[in-house]
1. Of (1) surrounded by 12 or more Cβ atoms within 10 Å (Cβ to Cβ); (2) within 21 Å of residue 114 (Cα to Cα); (3) more than 16 Å from the chain's Cα centre (by Cα), residue 100 satisfies all except one. Which?
2. Conditions: (1) farther than 14 Å from residue 32 by Cα; (2) out of contact with any helix residue (DSSP H, G or I) (no Cβ under 8 Å at 6 or more places or on another chain); (3) touching a residue at least 60 places away in the same chain (Cβ under 8 Å). Residue 53 meets all but one. Number of the miss?
3. In region 65-88, what residues are assigned to a strand (DSSP E or B) and either crowded, with 18+ Cβ neighbours inside 10 Å or in contact (Cβ under 8 Å) with a residue 60 or more places away in the chain (or both)?
4. Quick one: which residue in 84, 89, 111 is modelled with pLDDT under 75 and either at negative phi or not assigned by TED's automatic domain parsing to the domain that holds residue 18 (or both)?
5. Determine which member of the set 29, 5 is in a strand (DSSP E or B) and at pLDDT 95 or above.
6. Can you tell me how many residues within region 33-49 are part of a strand (DSSP E or B) and either closer than 24 Å to residue 86 by Cβ or not assigned by TED's automatic domain parsing to the domain that holds residue 70 (or both)?
7. Please go through region 8-24 and give me each residue that is in a loop (DSSP other than H, G, I, E, B) and in contact (Cβ under 8 Å) with a residue 60 or more places away in the chain, ordered by number.
8. Collect the residues in region 50-60 that are at pLDDT below 95 and in a strand (DSSP E or B), keeping them in residue-number order.
């Protein structure tokens, strides 16, 4: 078993014993099982899943970091939402705004385009998770 801790600046989202974790990292999806090698990685916005008690749960996470150490997975992100917490309409508006910002990527500074790309990934993950995908 793994101890999974998910923390945002506002709250402790989860503190539970789980069987496995799959998390979107900067270098691709990372699957974490008990006795995983120590790891520190950047997290990109997307869907994080974990298996507990025979079922699989999903959370949408924003950018942040994950640390794996001695069967403990610590996830530090700006936001983490369960499917029930997601406001799909707000996520659609965010996605539309990010798409417009990316469409003008040649006009806006590179940092703004990167923030828009990250916002688009996060909004898309929220919409897909809220829809039960």
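1. Single failed check for residue 100: (1).
2. (3)
3. Here is the first cut: in region 65-88, the ones assigned to a strand (DSSP E or B) are 65-69, 72-77, 80-81.
Hits for region 65-88 are 66, 68, 72, 73, 74, 75, 76, 77, 80, 81.
4. Working: 84 fails: modelled with pLDDT under 75; 89 fails: modelled with pLDDT under 75.
Of the residues listed, the single one that is modelled with pLDDT under 75 and either at negative phi or not assigned by TED's automatic domain parsing to the domain that holds residue 18 (or both) is 111.
5. After ruling out the rest, the residue left standing is 5.
6. 6
7. 8, 9
8. Within region 50-60, the subset at pLDDT below 95 is 52-60.
Of everything in region 50-60, those that are at pLDDT below 95 and in a strand (DSSP E or B) turn out to be 52, 55, 56, 57, 58, 59, 60.
The values are calculated or read from the model by the stated rules, or taken from the named source; none is laboratory data. This one's a predicted model, so the numbers in the text were calculated from it and none came from an experiment. All Cβ positions, glycine included, derive from the backbone under ideal geometry; neighbour counts span all protein chains shown.
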